[in-house]
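A quick write-up on the structure given underneath.
The values are calculated or read from the model by the stated rules, or taken from the named source; none is laboratory data. What you see is a predicted model; the values in this text were computed from it and never measured. Please note: Cβ atoms are built from the backbone with ideal geometry, for glycine as well, and neighbour counts cover all protein chains shown. All accessible areas refer to the heavy atoms of the entire protein, side chains included, with ligands and DNA or RNA removed. Shrake-Rupley method; radii C 1.70, N 1.55, O 1.52, S 1.80 Å.
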Amino acid sequence: MKTPAWISGVIEGFYGRPWTDAQRRQLFRWLQQWGLNTYMYAPKDDLKHRAIWRAPYDRAEAAGLKSLVADCRRRGLNFVYALAPGLDLHYATEFPVLQRKLRQVARLGGRAFAILFDDIPQRMRAADTRRFGSFAAAQSSVANELSAWLQQEVPGSRLWFCPTIYCGRMAAGPVAQSAYLREIGARLAPQIDIFWTGPEIVSETIPPASIRELQTVLRRPPLIWDNLHANDYDRRRIYLGPYAGRPTQLRSEVRGILCNPNCEFPLNYVPLRTFATYTRARRTWNPRNAGQAARAAWRAAFASRTRHRMTARDLHWLTDVFHLPFAHGPQAAQLLRNYATLLRTPPEYWGRTWPRLQRACRELAALLTSVTELADRDLCYALYRHVWDLKEEVTLMQAYLRWRESRPELAAGFVSGEHRPGVYRGGLVAGLQQLLVMDAAGHFTSALSKSGRAR
Ligand code: GDL
């Protein structure tokens with residue numbers, strides 16, 4: 001299949017356990033049904049994609065990849081194989097090793113490729129520095145050579161490139177002044193598309209104006225690698241909210257958008273379905289409406305093995321409490337506000353807020369039962385620990401508020417038998433987090449001194 005005019009789809013580009021072939025096949029069905037056109041294979045922890053990229057796929061792996069490529073293409077989708085050799089590539093001497101690896105994938109049916117230099121140390125061997133002078137020169141020389149060779153080897157093929165500076169923050173100043181990006185823009189052959197994740201690695205918004213500035217540096221529109229729903233950097237979280245924070249005007253400024261979503265494959269239904277709606281939206285785009293429609297369609301996946309059926313309201317809670325990195329869904333935000341109000345207020349003034357919060361607590365506690373009894377066990381286990389953690393907090397919140405309601409002697413302090421030190425909020429990570437506290441603006445303060453300076 002030829003590279004589509006506007007690229008839209010999914011990158012399997014996260015850290016952690018790669019998806020299974022069965023999950024990838026399910027993904028291809030979704031992409032086809034929803035009118036998206038591309039899948040990029042780039043799982044950071046396929047060892048042969050990154051850590052030991054030189055190693056060829058063995059027979060069984062090669063057979064698996066071949067059948068995956070064929071299945072993807074049968075559905076009219078573009079399969080892009082990405083290689084991430086940047087951890088230890090010898091730029092001056094290892095072009096033949098890159099060729100050997102990509103030739104293997106081409107023989108398995110690969111027609112489109114990417115070379116990724118994200119998340120690598122920004123230094124080279126002395127021999128590479130002597131030969132190329134700069135990191136940008138070394139990377140673009142290798143990519144240009146690869147692109148030219150691929151044209152011969154696989155006529156009509158494409159090569160994409162992920163730079164080492166791939167978001168605004170990494171440029172450490174205006175992108176127009178990044179020597180690295182300017183050099184990449186100038187040296188990289190014009191047919192090679194360049195990835196960009198927006199102002200941040202995980203960008204809350206991607207303003208079209210920020211992309212226009214970048215275009216002048218890269219001398220081409222970028223291809224967006226969108227980490228909005230990626231959760232590999234904090235596996236305590238999952239993101240079930242709709243695609244958001246990207247105005248429709250962004251689409252005409254970029255070569256396309258590929259989403260790198262949650263590690264837990266089954267949790268990507270709403271993220272990807274709403275992304276698909278976004279790619280087709282005319283002028284107006286309402287993430288909340290798109291989320292609602294996707295949620296309704298997702299409900300079919302929640303068949304239960306018991307009488308605890310997942311209701312539409314349950315599913316609404318689920319997508320609201322596990323929403324987006326920078327926003328809770330409306331019901332979850334309301335729950336937090338209500339809780340804060342009660343904590344600030346003496347019980348005699350709690351009024352309707354307390355019964356409302358109790359109702360929400362009951363509904364959230366019931367969610368756990370519904371999730372554990374789902375017929376789709378993959379979906380169940382993807383949600384399990386998250387719903388469990390939530391239930392723990394909700395139980396504690398209720399117990400604490402009931403204690404306050406009983407007008408206790410405050411000095412006695414509240415103790416929960418179900419939340420014991422060490423077992424609840426225990427472990428080294430929790431201990432470290434308690435010592436350095438972060439505020440909403442991102443400032444860290446030592447918990448041990450008022451001034452914020454370590455004692
Ligand atoms: C990154 C990595 C990506 C990872 C994501 C979220 C790019 C280009 N690279 O920086 O593999 O999944 O952050 O943690 O985004």
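Just a few scattered comments:
- Region 1-18, residues that are open to solvent by less than 30 Å² (accessible area, probe 1.4 Å), under 22 Å from PRO85 (Cβ atoms) and either away from the ligand (no atom under 16 Å from the Cβ) or not acidic (Asp, Glu) (or both): ILE11, GLY13, PHE14, GLY16
- Residue pairs whose Cβ atoms lie under 6 Å apart, separated by 6 or more positions or on different chains, with the first residue in region 243-260 and outside the structural domain of PRO199 (by TED's automatic domain parsing) and the second away from the ligand (no atom under 16 Å from the Cβ), do not occur.
- From ALA148, ALA137, residue being modelled with pLDDT of 95 or more and either within 16 Å of the ligand (Cβ to nearest atom) or open to solvent by less than 10 Å² (accessible area, probe 1.4 Å) (or both): ALA137
- Some residue of region 116-133 being over 27 Å from SER67 (Cα atoms), open to solvent by less than 10 Å² (accessible area, probe 1.4 Å), part of a helix (DSSP H, G or I) and in contact with a Phe, Trp or Tyr (Cβ under 9 Å, 6 or more places away or on another chain): yes
- ASP232 being surrounded by fewer than 21 Cβ atoms within 10 Å (Cβ to Cβ), assigned by TED's automatic domain parsing to the domain that holds ILE165 and within 16 Å of the ligand (Cβ to nearest atom): yes
- Check on PRO199, away from the ligand (no atom under 11 Å from the Cβ) and open to solvent by 50 Å² or more (accessible area, probe 1.4 Å): no
- Just one of (1) touching a residue at least 12 places away in the same chain (Cβ under 8 Å); (2) outside any helix (DSSP H, G or I) fails for PRO155. It is (1).
- Among residues of region 341-395, those that are farther than 25 Å from ARG307 by Cα, assigned to a helix (DSSP H, G or I) and either among the basic types (Lys, Arg) or open to solvent by less than 40 Å² (accessible area, probe 1.4 Å) (or both), counted: 7
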